[in-house]
Structures are given as C-alpha cells and as structure tokens.
1. Taking the conditions exactly as written (at negative phi, surrounded by fewer than 24 Cβ atoms within 10 Å (Cβ to Cβ), aliphatic (A, V, I, L, M) and part of a loop (DSSP other than H, G, I, E, B)), does B:MET123 satisfy them or not?
2. Going by the conditions given, is A:THR159 part of a loop (DSSP other than H, G, I, E, B) and under 12 Å from the mean Cα position of the chain (by Cα)?
3. Hey, B:LEU61 hits all of (1) open to solvent by 10 Å² or more (accessible area, probe 1.4 Å); (2) away from chain A (no Cβ under 14 Å) but one; which does it fall short on?
4. For the range A:129-164, name all the residues that are over 28 Å from A:ILE191 (Cβ atoms) and open to solvent by 50 Å² or more (accessible area, probe 1.4 Å).
5. For the range A:79-92, enumerate the residues that are facing chain B (nearest Cβ under 7 Å) and open to solvent by less than 30 Å² (accessible area, probe 1.4 Å).
6. Between residues in the range A:66-86 that are free of Cβ contacts under 8 Å to residues at least 12 places away in the same chain and residues that are part of a strand (DSSP E or B), which pairs lie under 7 Å by C-beta distance while being six or more apart or on different chains?
7. Are there helices (runs of 4 or more DSSP H) fully within the range B:12-114 with at least 2 residues that are basic (Lys, Arg)? List them.
8. Is it the case that some residue within the range B:18-35 is under 30 Å from B:GLU245 (Cα atoms), open to solvent by less than 50 Å² (accessible area, probe 1.4 Å) and either within 13 Å of another protein chain (Cβ to nearest Cβ) or over 22 Å from the mean Cα position of the chain (by Cα) (or both)?
Amino acid sequence: MSSAAIEVRGLRKSYGEVEAVRGIDFEVAAGEVFALLGPNGAGKTTTVEILEGIRQRTSGDVRVLGFDPDRQKMQLKDRIGVCLQSTNFPDKMRVREALDLFGSFYSQTRGTAALLGRLQLEEKRDAFYGTLSGGQKQRLAIALALVNNPALLFLDEPTSGLDPQVRLEIHALIAQLRAEGCTILLTTHYIEEAERLCDRVAIIDEGRIVALGTPRELQKAGEAESSVTILCDQTLIGRNLPAWPGATKTELSDDGRRLTAHSAHPARTLAGMLNWLEVSRIGLEDVRLSRPTLEDVFIAMTGKRLRE
Amino acid sequence: MKAYLSLIRIDLKLAFRQKVVIFFNLLMPLALFMIFAEINRTERSGGIGDVVTMVSVIGILGTGLFGAGMRAAQEREANVLRRYKVAPITPLPLLVASMVTGLAVYMPFVVLMLTVAHVRYGMNVPSNLVSVLVFIALGVTAIRSIGLIVGAVVNSTQESGILVQVLYMSMLFLSGATFPTQMFPAWLLKVSRFVPAAYIVNGLQSILLRHETLWTNWPGAAALLLTTAVGLLLSVKLFRWEKEEKLRPAAKLWLLAVLLPFALPGLWHLYTGA
C-alpha cells in the first residue's frame with residue numbers, strides 16, 4: 001500500500017455538458033505541502049472538494065488517507081481539516097463557542113485554548129463573529145480546520161482577498177505547520193504563495209494539470225527565461241550592440257539607458273554584458289537578474305495570465 | 001450525542017441573543033394575547049380559553065414556519081451550512097437542534113400566557129395542564145417540521161418568505177384559529193379538514209374548554225406526532241448544505257407528503273360526511 005496521503009488517478013468531474021476536471025493524476029506524500037495553482041475556474045476547487053468528500057467525482061480513482069472520499073465520507077472528514085474558500089458563521093456566535101462546537105463533531109480534538117493561542121485569537125475568544133475583521137475571521141477558519149488535529153489539511157485559497165499584512169501572517173502559520181510535518185494541500189492563484197510555501201506545485205488549467213514539480217523544477221523546465229537588466233550611465237541608442245551570449249531577445253528602454261536581455265543562461269549573458277561595458281567604457285549604475293516566476297511558466301505553457 | 005448536545009446548546013444561545021427571536025416568540029404573542037383578552041373582556045364575546053387557543057396557534061405557526069422555514073434558507077445563503085458540510089456530521093443533529101430550540105423558545109410563552117390568563121383574566125387553571133402543554137408542544141414540533149421542509153426545498157430567502165407567508169396565512173384562517181369554523185361555508189369546512197393547524201385548534205379547544213385529555217384527542221395528537229416524524233425524515237432527505245445544490249422542481253412536491261397525516265382523516269371526514 002502506498003504511503004501517499006493523497007492519490008488521484010484519472011479524476012474527472014462533469015456538470016452536465018461542462019467538464020470541469022478532465023482526467024488529472026497526482027500524488028501528495030505525507031508531510032508534503034502541495035499546491036494546485038491556476039486561474040479562477042481552472043478546476044482547483046472542484047478537485048479539492050472531491051478530495052474532501054463534499055463533491056462526488058464522475059470517474060477516476062481517489063484515495064485520501066487511504067479512504068475513498070465518495071464511500072467513506074465520515075471516516076475521512078473525521079481525519080482531515082478543511083479551510084473553505086468562503087465560509088461564514090452567525091454574527092452572534094462567539095469565537096470560543098465556534099471552536100467548542102466544531103470540536104464536538106470529531107473523535108479527537110485539540111483544546112480550544114491551545115488553538116486560540118496558536119492563531120493569536122486569545123483576545124477575541126469572547127468576541128462575536130460579526131465583530132471580527134476579515135483577517136481574524138480567516139484565522140478562525142484556519143483554527144477550525146485544525147480543531148481535530150488533522151492528518152491532512154486542505155486550504156482553499158486561504159489568503160484570497162486579505163490585505164498583505166494578514167497574508168504574511170497566514171504564510172508564517174502555514175510555514176510553521178509545514179515545519180511540524182503537517183501534510184497540506186492548498187489551492188491558490190497567488191504565485192508567491194506557491195513559490196514560498198510549497199514543496200511541489202501542480203499548475204492546473206481548464207481542468208488539466210499542465211505542469212507538476214517543485215517550483216525550481218518548473219522554473220527550469222519551462223520555456224520561460226530569466227532576464228538580465230543593466231542600467232547604464234549613458235544612452236546606448238546609436239551604438240552597435242553585439243549579440244549577447246545565450247540571449248534570445250533584448251529590449252532597450254526609450255531613453256536607451258536600460259537594457260534587458262532574456263536568456264536561458266543568465267550568468268553567461270551577464271558576464272558578456274559586463275565585459276562589453278568595460279571594453280566600451282560605459283559606466284554601470286545598476287544590474288538586476290530575475291529568475292522566471294511560476295506566472296512566467298504558466299504564461300509560457302498556456303498563453304494566459306493566472307488572474308485572467 | 002456530543003454533537004446533538006453542542007448544537008442544541010449553541011442554537012439556544014443564539015436564539016436568546018437575538019432580540020427579534022424574543023420579540024416574535026414572547027413579546028408580540030403576549031401583546032396580542034393581552035389585546036384580544038381585553039377585547040374579549042369588554043365585548044364578552046367568548047371565553048378566555050378561545051383567546052388562549054387562538055394566540056397559541058398564531059404563535060405555533062409563527063415559531064414553526066418563520067423560525068425554521070426561513071432560518072435554513074438564510075444560513076444556506078450566507079454560507080453558514082457549508083462549513084458544517086465538511087465536518088463529520090449528518091443534517092439530523094442540526095434539524096433536531098432546531099426543533100428543540102423551537103420548543104425551548106416558545107413553551108415559556110405558553111406558561112406565561114396561561115399564568116396571565118389565570119391571574120388577570122380569571123381563567124381556571126386547566127384541570128389537565130400537562131395535556132395542554134404536551135398538545136401545544138406536539139403542535140410546535142409538527143409545524144416546525146413543516147418549516148424545516150420549507151427551508152430545505154426553497155432556493156432563496158425570498159422564495160422562503162413567499163412560501164412561508166402562503167402557508168402561514170392559509171393555515172391561520174382555515175384552521176379556525178381566527179374565525180370560528182362554524183362561520184365557514186360547507187365547502188370551506190371540508191377544506192379545513194386537511195389543514196394541520198385545524199387539528200391543533202380542535203385539540204386545544206377540546207382539552208382547554210371541554211376538559212378532555214390528550215388521550216381522548218389521540219387522533220389529532222397522533223397526526224401531529226406523525227407529521228413531526230415524516231417532516232424530520234423528509235427534511236433530512238432534502239437537506240441542502242449549499243445554495244449551489246439545486247433541487248429538482250418535482251422534489252418540492254415532497255412538501256405535500258408531510259400533509260399526508262392530515263389528508264387521510266380529511267378524506268375520511270369527506271367520505272363519512274362527519
């Protein structure tokens with residue numbers, strides 16, 4: 001038997017004529033943080049909801065913690081934690097009451113006090129849900145996902161719509177859970193979230209996985225290239241620029257001082273540029289090297305932007 | 001069992017924290033009772049027992065249909081139920097908690113009304129007080145179970161409001177709670193035989209005014225009990241956690257199934273002409 005926390009083979013989901021998930025395969029190992037990255041409507045949430053046992057698949061084999069989500073719903077739900085993309089509580093429910101209530105549904109629970117401390121909600125323990133800020137509501141949603149000390153945590157767009165400060169706080173919490181060995185599957189359309197937090201990423205588009213690997217592997221394997229930008233102390237307009245080693249494309253800014261070269265071998269390209277500047281007696285004011293982001297990889301693979 | 005107790009506890013807390021719940025389940029029925037009791041005393045148009053029956057039925061219909069019927073639709077629309085969907089529970093504890101809360105919120109009013117009726121309006125303490133309370137409790141659970149089905153079959157709060165109003169007004173007037181059934185033409189009287197609230201009115205009048213017991217009114221009590229059971233069963237079957245889960249239009253006909261316990265005696269009355 002496999003030790004994978006999640007095994008998905010040939011998963012498909014149709015809504016009438018519309019096929020939302022078109023045969024996807026992946027595995028998530030125990031202790032791994034895995035992201036499904038893709039634009040809205042790509043099939044991420046449908047896939048995750050099938051894994052959580054709240055949506056039935058049309059076909060394919062799925063095992064989550066060894067359970068079939070369609071047939072062993074209750075056993076599965078007892079062992080997983082879920083933070084939904086959008087959720088709500090009655091305005092007059094107190095924070096600690098929500099934790100106590102949901103704790104009573106599971107066969108094992110973490111103490112309410114411990115969760116309040118971990119999610120920095122102690123001061124809000126007696127506050128009504130309706131008085132919480134967006135960030136506090138999201139922290140409560142994550143606390144509820146952790147209430148049963150889950151073996152596997154699903155985070156569906158956990159930072160969507162939150163301000164940057166709260167987003168960083170939630171990133172820190174996910175990093176902490178990762179360090180503790182918690183298996184996490186998260187969906188996101190934020191590149192930096194996938195790059196910073198995840199061991200592996202599956203890029204999903206129109207119901208299919210178009211790339212899967214570590215962020216570094218995807219950046220290397222993709223057709224997207226690094227870019228090298230130099231800022232010179234004088235304009236380069238009118239100069240005969242050489243072909244830079246490894247560069248596939250160059251761009252010159254309107255004032256002629258900023259030169260950008262796209263290259264699959266950025267170190268070689270940069271060395272060639274610096275050498276040319278030296279020979280040409282042109283001063284260098286700034287230099288910048290950018291690796292391709294997962295967004296660049298996504299654009300290279302699908303021709304679309306993630307937020308489309 | 002832990003889930004049932006937790007849900008009942010939180011439902012009760014939430015109910016008593018909402019001014020609107022206190023107003024519609026306690027203050028408004030009490031004000032209505034006082035108004036009708038004063039009119040009754042001035043005009044000497046009937047016994048105080050009739051007023052108690054009428055206001056009890058108005059309250060039962062209100063707490064059952066508005067309380068249960070609209071709340072589920074509101075919570076589904078607000079994505080509250082969605083969070084429960086990912087927890088290892090079925091809809092049953094949620095529905096049972098709603099039923100128990102309906103009773104806990106409404107029964108104190110009944111006790112208060114009977115006390116005021118006795119102290120201020122001189123109504124004798126019913127000789128079979130337990131029968132009165134049990135029969136009202138059966139009425140609350142039966143109408144609340146109809147409310148739960150309404151909450152399950154409607155697709156929006158707006159739709160729920162319309163359906164609840166239709167059921168509330170029709171049951172209120174056809175049951176004889178507001179107008180005595182003696183005033184009804186023969187055809188309307190036949191229609192009233194199919195109305196669940198009519199059984200509550202008849203049963204309460206028998207127990208309260210004619211000093212009968214729950215036992216002598218067993219057909220009505222059994223119909224209310226059966227409605228509660230069928231209503232709960234159907235509302236579990238039709239329960240929807242998310243607004244995206246749509247019901248087939250035909251599924252709304254299940255609402256009629258809960259009226260079955262009343263359709264059979266109604267047909268019997270039509271058949272025998274009783």
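1. Yes; evaluated as a whole, the condition is true for this residue.
2. yes
3. The failed condition is (1).
4. A:THR131, A:ASN149
5. Listed by number, the residues that qualify are A:VAL82, A:LEU84, A:PHE89, A:PRO90.
6. Taking only residues 6 or more apart or on different chains, the pairs are A:ASP68/A:VAL62; A:GLN75/A:PHE67.
7. The qualifying helices (runs of 4 or more DSSP H) are B:71-77, B:80-85.
8. Scanning the range B:18-35, I find at least one residue that is under 30 Å from B:GLU245 (Cα atoms), open to solvent by less than 50 Å² (accessible area, probe 1.4 Å) and either within 13 Å of another protein chain (Cβ to nearest Cβ) or over 22 Å from the mean Cα position of the chain (by Cα) (or both), so the answer is yes.
The values are calculated or read from the model by the stated rules, or taken from the named source; none is laboratory data. What you see is a predicted model; the values in this text were computed from it and never measured. Positions of Cβ are backbone-derived with ideal geometry, glycine not excepted, and every protein chain shown enters the neighbour counts. These accessible areas exclude ligands, DNA and RNA; they are computed on the full protein's heavy atoms, side chains included. Shrake-Rupley method; radii C 1.70, N 1.55, O 1.52, S 1.80 Å.
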